[in-house]
1. Ignoring ligands, DNA and RNA, what percent of the 1.4 Å accessible area of segment 26-88 is carbon and sulfur?
2. Hey, can you find the accessible area per residue of the chain for me, probe 1.4 Å, expressed in square angstrom?
3. Once the principal axes of the Cα atoms of the chain are found, what is the range along each, listed largest first in whole angstroms?
4. With a cap of 16 neighbouring Cβ atoms within 10 Å, and only residues DSSP puts in a loop, list the trypsin sites (Lys or Arg not before Pro) found in segment 56-123.
5. Is the shape of segment 68-115 best called rounded, prolate or oblate, per the rule: a/c under 1.5 gives rounded, else a/b larger than b/c gives prolate, else oblate, with a ≥ b ≥ c the square roots of the Cα gyration tensor eigenvalues?
6. Rg and Dmax of segment 8-53, using alpha carbons, in Å: what are they?
7. Gly28: net charge of surrounding residues, Cβ under 13 Å, Lys/Arg +1, Asp/Glu -1, itself excluded?
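The values are calculated or read from the model by the stated rules, or taken from the named source; none is laboratory data. Given the structure is predicted, the values throughout are model-derived calculations rather than measurements. Note: ideal-geometry Cβ built from the backbone for every residue, glycine included; neighbour counts use all protein chains shown. Note: accessible area is taken over every heavy atom of the protein model, side chains too, but ligands, DNA and RNA are not part of it. Shrake-Rupley method; radii C 1.70, N 1.55, O 1.52, S 1.80 Å.
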Amino acid sequence: QVQLVESGGGLVQAGGSLRLSCAASGGGFSRYYMGWFRQTPGKERKFVSAISPNGGNTRYADFVKGRFTISRDNAKNTVHLQMHSLEPEDTDVYYCAAAQRYFMTTVSTYDYWGQGTQVTVSS
């Protein structure tokens with residue numbers, strides 16, 4: 001079983017940048033597809049980005065393409081989400097997730113989740 005802990009969230013002005021990190025423990029990190037999702041309380045959790053186990057393939061939601069970059073370091077059991085040109089609409093709780101089998105964008109295909117980190121973008 002994988003445990004995931006996110007960090008790096010905070011308050012930033014519009015146009016600014018943040019780098020989210022997700023530290024994994026429990027073994028087998030390099031075999032997992034890793035994803036980032038975000039959620040406003042009371043609303044559906046949305047896919048943001050995902051990366052394949054070896055880092056060679058990535059996926060992005062249309063609303064973050066060109067602004068966010070996902071990366072991973074299998075030696076350090078971490079996955080990152082570099083966010084640039086942040087907008088107030090990016091304000092959300094961001095979640096890291098791990099999937100054992102599928103390289104997908106849907107919540108139900110991910111097996112393990114972190115507790116989330118708040119990102120707030122002020123206008």
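1. Carbon and sulfur together cover 43 percent of it.
2. It amounts to 51 Å² per residue over the chain.
3. Result for the chain: principal-axis Cα extents of 40, 29, 23 Å.
4. Here the sparse-neighbourhood loop sites are Lys65, Arg67, Lys76, Arg101.
5. Oblate, because a/c is 1.5 or more while a/b does not exceed b/c.
6. That works out to 13.5, 37 Å for Rg and Dmax.
7. +1
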